[in-house]
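For reference, the structure discussed in these notes is given below.
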């Protein structure tokens, strides 16, 4: 990627500098000649399709490009777009379904400048893509059917049977309808001559469509003036076409088809892509633990019941989908799924075995297969390839090893010739000579250049490619208008199609009267009935929503208590002789009790106060400390990503702001006290604002279905547990009047009930009055009885409610225990200065709530014991 224009260039010089560099061909990484440039032509003039973008960049100047980059980065964070990269130049869109596991998602890099495609160029791409989809569909049907391609001698048999993408168990399994290839992803780029060339086809479980839809939303909001000026054709109709195609793919016996999207899990490389697409389609995102085979059919678990599944959009590689018939060590699939497919009781797309079309050996013979099966010549040619099983091609392969990409036909790791030493090339040549049929060599991919804002200091030129998508329809294949563009990684990483950032692809609308313009056809869409999956809630999904509610409430409670502790520390920091200063170690002790961690030097109050800044920082920023604010925010984000398809877009703006404020990259307390205070104040206030906003989103934007109900149960259990722990740590020991006053006021502030208390008591300190407000007042949304009654109402609202289930009996017992208590009895003090009755009640209630949480988890939220989620048994989000 080369940078055009310096920091001192004026706005008017930005595009001019780019044009000059293109004309001189001086700043590009070239091989034997100049790359094709999408932005300017051979004379240095801006191509017609890009003129609005050129004007936009000129108007904005260098400063505007910096602001655009920051705006896009902020929107990506706000929308929660993430990706897991395995290494520095890991592909930003992934290659297939993604069976890998990664620790945590990272940022999604998106270029603010779109990739503009003229109407004429799109006409070429669209026709070529649709034809290629038809060709691959014909090849797939033939390889698992008559095998005319093999018997005619066009495709050598070893190229079929040696590749792991060929699934023997899939022979005889057919997708209902006219097409066996349901979804097709196609990576294309331009050669130096300007010709579009296919670098790869993705047919196993193509990824990137969700990212393409999300990228359009980001870039359109980042440059609304440019978006309005160019008016690119929308991508949303393709999502509707995909949705209708999935419904149409159901077996004939399905009256109201249930469609699900099968994901490897929340830690899959492209988890966002899967979840976002599922949300756009309106179908549940499920994992292996959500599904089960019974009576020759596929079912989805739903709160103690089973719901028949008719169509599965597969994002798990084929070999992992059934540990019984395929890969025995898989934890991502469903036992018996292949047998259900053989019976025709469910449709899985892309169909098992479609990965064979990604084989380098099959790709080499696509031109011949096109003639054999379609009687056509591919409109989009593949990158030139040489198979070692043909003498003349083997000779070329061996003599040009250093300038080719070598792909074994068994699907193992690709070898990039330019990366090898002389000795390595010699060893590779010997291996090819020994078994020539096992190797295919491909010419290095070529990429055009286009404008990008990814380099500081001005407009840049980066090498670009595109991933195009098509979906099968009754009448043919429907392409997404546009697709997912990307900036290719520098150096030899580009030969592996590794990328560094995504680009939105804008296809221009043809002008009326041109050869490319045709009126949009009128499509008669079927009348959509209510989705049969609207009330389905798997235990795995409900468990994540339950903990989402708990972590959100835990973060809010910690933010409130940390804020009060910090304020009291500053109030009494230099006035420790005052009796009220005793509140600081008491509040620190309560933080320790709530988190289960040590917040002081063996009860030494002086030492506790002296180390308060470090303690507050750790309880705020250390995500490895149990119960800390950072840990709660981090796990809240994890739980949210696991149920992304259930949440509104507003949720991610709230979470992104909180994550930015709390989850700082630093692992040590700031050197400067002022800097540390600034961070703590911002983290606490932003968390509080965010959690209140999240509560508002849940109350006003979420449908109050089973998922919402379980999330509310989690929230109420956490609030009740936090309240009983706080009161037990602060008000069960009798202290002097001034200390008692300060501690009581601090506790009420943390519980957001200080105003109500003052109105009732006129400032008088009374534990009975505090208990009446915080434990027994069913009109106070912060009281314990209010939480318990909400839990009881929520449990009765669940479909499994009978009035006497274990959770319902448990909550009735807890409420009865509380109702039997007289608030005045809680004032009783033992000779040791303890409010023993109060402490006993709070301890019992706290224990009851923990037991209730375990009962609810066991009865409603348990994943079957024989199944193991993608993240492993030790990492399941279970908190005490």
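The values are calculated or read from the model by the stated rules, or taken from the named source; none is laboratory data. It should be emphasised that the depicted structure is a prediction, and the values quoted were computed from it without experimental measurement. Counting neighbours? That spans all protein chains shown, and the Cβs are built from the backbone with ideal geometry, glycine included.
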query = Within region 67-80, restricting attention to residues that are in contact (Cβ under 8 Å) with a residue 40 or more places away in the chain and closer than 17 Å to residue 225 by Cβ, which residue is surrounded by the fewest Cβ atoms within 10 Å (Cβ to Cβ)?
reply = 71
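The rows are residues; the columns are (1) within 30 Å of residue 800 (Cβ to Cβ); (2) part of a loop (DSSP other than H, G, I, E, B); (3) in the same structural domain as residue 800 (by TED's automatic domain parsing).
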site: 323; (1), (2), (3): yes, yes, no
site: 329; (1), (2), (3): no, yes, no
site: 341; (1), (2), (3): no, no, no
site: 368; (1), (2), (3): no, no, no
key: Count of residues meeting criterion [touching a residue at least 60 places away in the same chain (Cβ under 8 Å) and touching a strand residue (DSSP E or B) at 6+ places or on another chain (Cβ under 6 Å)] in region 410-437   = 2
message = Can you tell me how many residues within region 571-582 are surrounded by 12 or more Cβ atoms within 10 Å (Cβ to Cβ) and either more than 18 Å from residue 740 (Cβ to Cβ) or in contact with a strand residue (DSSP E or B) (Cβ under 6 Å, 6 or more places away or on another chain) (or both)?
response = 1
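Residue by residue through region 813-835, note down the ones that are touching a helix residue (DSSP H, G or I) at 6+ places or on another chain (Cβ under 7 Å) and assigned to a helix (DSSP H, G or I).
In the first step, residues of region 813-835 are kept if they are touching a helix residue (DSSP H, G or I) at 6+ places or on another chain (Cβ under 7 Å); the result is 814-815, 817-818, 821, 823-828, 830, 835.
Listed by number, the residues that qualify are 814, 815, 817, 818, 823, 824, 825, 826, 827.
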inquiry  = Would you confirm whether or not region 115-133 contains a residue that is in a loop (DSSP other than H, G, I, E, B) and farther than 30 Å from residue 215 by Cα?
reply    = no
Residues (closer than 22 Å to residue 344 by Cα and out of contact with any helix residue (DSSP H, G or I) (no Cβ under 7 Å at 6 or more places or on another chain)) located in region 148-171 = 168, 170, 171
key: Single match in 470, 460, 475 (criterion: modelled with pLDDT under 95 and in contact with a strand residue (DSSP E or B) (Cβ under 8 Å, 6 or more places away or on another chain))   = 460
request  = Give the residue, chosen from 328, 255, 250, that is surrounded by fewer than 21 Cβ atoms within 10 Å (Cβ to Cβ), out of contact with any helix residue (DSSP H, G or I) (no Cβ under 9 Å at 6 or more places or on another chain) and touching a residue at least 40 places away in the same chain (Cβ under 8 Å).
outcome  = 250
note = Looking across region 836-875 at residues that are part of a helix (DSSP H, G or I) and modelled with pLDDT under 90, the single one that is surrounded by the most Cβ atoms within 10 Å (Cβ to Cβ) is 860
ask   = Given the structure, is residue 606 closer than 30 Å to residue 265 by Cβ and either without any contact (Cβ under 8 Å) to a residue 24 or more places away in the chain or not assigned by TED's automatic domain parsing to the domain that holds residue 741 (or both)?
value = no
remark   = The number of residues in region 590-618 that are within 38 Å of the chain's Cα centre (by Cα) and either assigned to a strand (DSSP E or B) or under 18 Å from residue 567 (Cα atoms) (or both) is 11
task = Can you confirm whether region 575-582 contains a residue that is in a loop (DSSP other than H, G, I, E, B), touching a helix residue (DSSP H, G or I) at 6+ places or on another chain (Cβ under 7 Å) and within 21 Å of residue 846 (Cα to Cα)?
result = no
query = Taking interchain pairs and intrachain pairs at least six residues apart, which have beta carbon atoms under 6 angstrom, with the first residue in region 583-602 and outside the structural domain of residue 724 (by TED's automatic domain parsing) and over 14 Å from residue 731 (Cα atoms) and the second assigned to a helix (DSSP H, G or I) and modelled with pLDDT under 90?
reply = 600/608; 601/607
message = Against the condition over 22 Å from residue 468 (Cα atoms) and in contact with a strand residue (DSSP E or B) (Cβ under 8 Å, 6 or more places away or on another chain), how does residue 176 come out, does it pass?
response = yes
note = By residue number, the members of region 467-479 that are more than 18 Å from residue 204 (Cα to Cα) and in contact (Cβ under 8 Å) with a residue 40 or more places away in the chain are 473, 474, 476, 478
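Could you tell me how many of the residues in region 726-748 are in a loop (DSSP other than H, G, I, E, B) and either in the same structural domain as residue 562 (by TED's automatic domain parsing) or closer than 19 Å to residue 845 by Cα (or both)?
Number satisfying all stated conditions: 2.
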inquiry  = I'd like the full set of residues that are under 18 Å from residue 839 (Cα atoms) and out of contact with any helix residue (DSSP H, G or I) (no Cβ under 7 Å at 6 or more places or on another chain), limited to region 738-795.
reply    = 740, 766
request  = Please work out if residue 712 is farther than 29 Å from residue 620 by Cα and either assigned to a helix (DSSP H, G or I) or under 30 Å from the mean Cα position of the chain (by Cα) (or both).
outcome  = no
key: Filter result (part of a strand (DSSP E or B) and touching a strand residue (DSSP E or B) at 6+ places or on another chain (Cβ under 8 Å)) within region 301-315   = 301, 306, 307, 308, 311, 312, 313, 314
task = Answer yes if at least one residue in region 350-361 is touching a strand residue (DSSP E or B) at 6+ places or on another chain (Cβ under 9 Å), surrounded by fewer than 18 Cβ atoms within 10 Å (Cβ to Cβ) and closer than 29 Å to residue 155 by Cβ, and no otherwise.
result = no
key: Where a residue in region 374-396 is farther than 22 Å from residue 160 by Cβ and its partner, wherever it lies, is part of a loop (DSSP other than H, G, I, E, B), with Cβ under 8 Å and at least six apart   = 381/195
message = Scan region 74-84 and tell me whether some residue there is assigned to a loop (DSSP other than H, G, I, E, B), touching a strand residue (DSSP E or B) at 6+ places or on another chain (Cβ under 7 Å) and modelled with pLDDT under 95.
response = yes
message = So in region 162-184, with the set limited to residues that are at pLDDT below 95 and outside any loop (DSSP other than H, G, I, E, B), which one is surrounded by the fewest Cβ atoms within 10 Å (Cβ to Cβ)?
response = 168
request  = Kindly list the number of the only condition in (1) over 30 Å from residue 648 (Cα atoms); (2) out of contact with any helix residue (DSSP H, G or I) (no Cβ under 7 Å at 6 or more places or on another chain); (3) buried (at least 24 other Cβ atoms within 10 Å of the Cβ) that fails for residue 212.
outcome  = (1)
ask   = Which of the residues that make up region 308-325 are over 20 Å from residue 169 (Cβ atoms) and surrounded by fewer than 21 Cβ atoms within 10 Å (Cβ to Cβ)?
value = 308
ask   = Looking at (1) crowded, with 23+ Cβ neighbours inside 10 Å; (2) more than 30 Å from residue 250 (Cβ to Cβ), which is the one condition that is false for residue 493?
value = (1)
